[in-house]
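The values are calculated or read from the model by the stated rules, or taken from the named source; none is laboratory data. Because the structure is a prediction, the values reported are computed rather than measured. Methodologically, a virtual Cβ is constructed for each residue, glycine included, from the backbone with ideal geometry; neighbour enumeration extends over all protein chains shown.
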Ligand code: G16
């Protein structure tokens, strides 16, 4: 007989979910009871799981398998009837969302620290997604956090481990564990949205691409879809085998960390198209030959071309973007005569808009793009949508983007990150900005229209979120946004977002760092970045 044990425990400080779940160093999660407390807090907060089904999987990083065994044993002890687990413990974040929705489960637990590095000395994370498939809204994460503070016990089944590599059903202390192919349902969904025949024809005609899976979760998905289903030559997928430490890499698809891909696309004999995804497969970076597409522009271009894809042929109900994302998508929405919503940073804020049918496409400057097909951002989906557009338009990526700017104007945009700064200094800097009253003042020749701390009222459920980023908006519509990252695990990361609209096509070719130089200086000065953080330069510029 399996033994269900109730284990006495005491609460840990700081189990507060951030922008996307609880992210900490692996060593923090390895403390006795640390993971168990948080998992029990999830189970206690989401309602009675008796007889229900839960999805479990992760991005394959170090501690993924260990955590999955614990979660399964705790799910069994908490009365769940069934758990769906990706083979090898692998499940990308968008695929988890797909499976949660398709099989109408009681949500899912996803193990990932996204784009943060993995390994014994690196990061781990855990988040709960609701039955609609999306990240838990703030009311749920707050309930989970509150529970972690008064937790006294957790329940776990004292049984042997599940064989995570064996497809099929296994009984675990009375709960049925079904180990399934993590790619199949997701691949089927993609084939229903995009013109696979046209993309196959594109590859058959000699079109060349590189997809950098960064040794993270998308390797198996990209290989199955791009190479097997769509006929891209073997080797199109680079770094396609998921590794527990991502091959010592930092699985963040940006110009700094996806260096193998950047070298290929900006080097001699570059392929036509390049893309990368992150640790858990929800982010994407899009490159053309010798050309980088900002995530903000990518959202706008995809929105403007969406009807070329079968899944979006009926048109879009609306577009949603996070506040720090550029307003390029707003111009497309205006052109299409559809609404554009501005939400706080975090995919969870798109959920209500998608559920209510108010938005079809969503995007964030942080390399996130997605649609109402799931309730997470989706890296490979964005790549396939680009491929569908390329197959239909038969133009180079750079030309498509330049045509777009010529039609709508260019929202010149850049993000400067100051990573790993002292937390007290970062909080002090934000408090300083919050205290400024700049309206009507001149900063470096720019008149300030207003400054505020962004607050959002969800138009569907009325929930209010405050302190979502400092905005300084100038008379010409240019703006600077400051916020602290909610996904880091060490010190604080200051993000500075700089944007200026450029209607003149003769100036569209300018390097954003040059075009935005005045605003960048204003940002550094007004926030007193050097004096407060000791940093003279950002660590990452995208
Ligand atoms: C998470 C959220 C995203 C959000 C990003 C921003 O991404 O899911 O919606 O835009 O964090 O992070 P930060 O607070 O660091 O700016 P991911 O890919 O890390 O899950």
Exercise for review: Would you mention how many residues in region 358-390 are in a loop (DSSP other than H, G, I, E, B), more than 10 Å from the ligand (Cβ to nearest atom) and more than 12 Å from residue 320 (Cβ to Cβ)?
Suggested key: 4
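Residue-wise test of (1) touching a helix residue (DSSP H, G or I) at 6+ places or on another chain (Cβ under 9 Å); (2) over 20 Å from residue 39 (Cα atoms); (3) in contact (Cβ under 8 Å) with a residue 12 or more places away in the chain.
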{"residue": "73", "(1), (2), (3)": "no, no, yes"}
{"residue": "76", "(1), (2), (3)": "no, no, yes"}
{"residue": "81", "(1), (2), (3)": "no, no, yes"}
{"residue": "90", "(1), (2), (3)": "yes, no, yes"}
{"residue": "99", "(1), (2), (3)": "yes, yes, yes"}
{"residue": "103", "(1), (2), (3)": "yes, yes, yes"}
{"residue": "109", "(1), (2), (3)": "yes, no, yes"}
{"residue": "115", "(1), (2), (3)": "no, yes, yes"}
{"residue": "120", "(1), (2), (3)": "yes, yes, yes"}
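Within region 272-291, can you find the residues that are surrounded by fewer than 20 Cβ atoms within 10 Å (Cβ to Cβ) and either within 16 Å of the ligand (Cβ to nearest atom) or closer than 20 Å to residue 332 by Cβ (or both)?
Of all residues in region 272-291, those surrounded by fewer than 20 Cβ atoms within 10 Å (Cβ to Cβ) come to 272, 289-291.
Passing the criteria: only 291.
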Practice item. Residue by residue through region 175-234, note down the ones that are surrounded by fewer than 19 Cβ atoms within 10 Å (Cβ to Cβ), in contact (Cβ under 8 Å) with a residue 12 or more places away in the chain and in a loop (DSSP other than H, G, I, E, B). Key: 181, 207, 208, 231, 233
Exercise for review: Output the number of residues of region 238-260 satisfying the condition of being crowded, with 24+ Cβ neighbours inside 10 Å and under 18 Å from residue 386 (Cα atoms).
Suggested key: 1
Review point. Which numbered condition trips up residue 497, out of (1) part of a strand (DSSP E or B); (2) in contact with a helix residue (DSSP H, G or I) (Cβ under 8 Å, 6 or more places away or on another chain)?
Key: (2)
**Study point:** Selected residue [within 16 Å of the ligand (Cβ to nearest atom) and surrounded by 19 or more Cβ atoms within 10 Å (Cβ to Cβ)] from 172, 91
**Key:** 91
Check your understanding: Within region 403-431, how many residues are crowded, with 16+ Cβ neighbours inside 10 Å, in a helix (DSSP H, G or I) and in contact with a helix residue (DSSP H, G or I) (Cβ under 8 Å, 6 or more places away or on another chain)?
Key -> 6
Practice item. Would you check which residues across region 451-477 are out of contact with any helix residue (DSSP H, G or I) (no Cβ under 6 Å at 6 or more places or on another chain), assigned to a loop (DSSP other than H, G, I, E, B) and away from the ligand (no atom under 15 Å from the Cβ) and list them? Key: 455, 459, 462, 463, 466, 475, 476, 477
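Tell me which residues, restricted to region 94-112, are more than 22 Å from residue 143 (Cβ to Cβ) and either in a loop (DSSP other than H, G, I, E, B) or within 15 Å of the ligand (Cβ to nearest atom) (or both). Please lay out each step first, then the result.
Step one: filter region 94-112 for residues more than 22 Å from residue 143 (Cβ to Cβ), giving 94-95, 98-99, 101-104.
Matches in region 94-112: 94, 95, 103, 104.
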Check your understanding: Has region 39-62 got at least one residue that is surrounded by fewer than 23 Cβ atoms within 10 Å (Cβ to Cβ), closer than 21 Å to residue 489 by Cα, at pLDDT below 95 and out of contact with any strand residue (DSSP E or B) (no Cβ under 7 Å at 6 or more places or on another chain)?
Key -> no
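Please find, among 281, 240, 231, the residue that is over 26 Å from residue 411 (Cα atoms), under 16 Å from the mean Cα position of the chain (by Cα) and modelled with pLDDT of 95 or more. Walk me through it before giving the result.
On the way: 240 fails: under 16 Å from the mean Cα position of the chain (by Cα); 231 fails: under 16 Å from the mean Cα position of the chain (by Cα).
Sole residue among the options that is over 26 Å from residue 411 (Cα atoms), under 16 Å from the mean Cα position of the chain (by Cα) and modelled with pLDDT of 95 or more: 281.
Can you list the helices (runs of 4 or more DSSP H) lying wholly within region 501-542 that have 3 or more residues being closer than 21 Å to residue 488 by Cβ and at pLDDT below 95? Lay out the reasoning, then the answer.
On the way: elements: 512-515, 517-527, 529-533.
Fully inside region 501-542 and qualifying: nothing.
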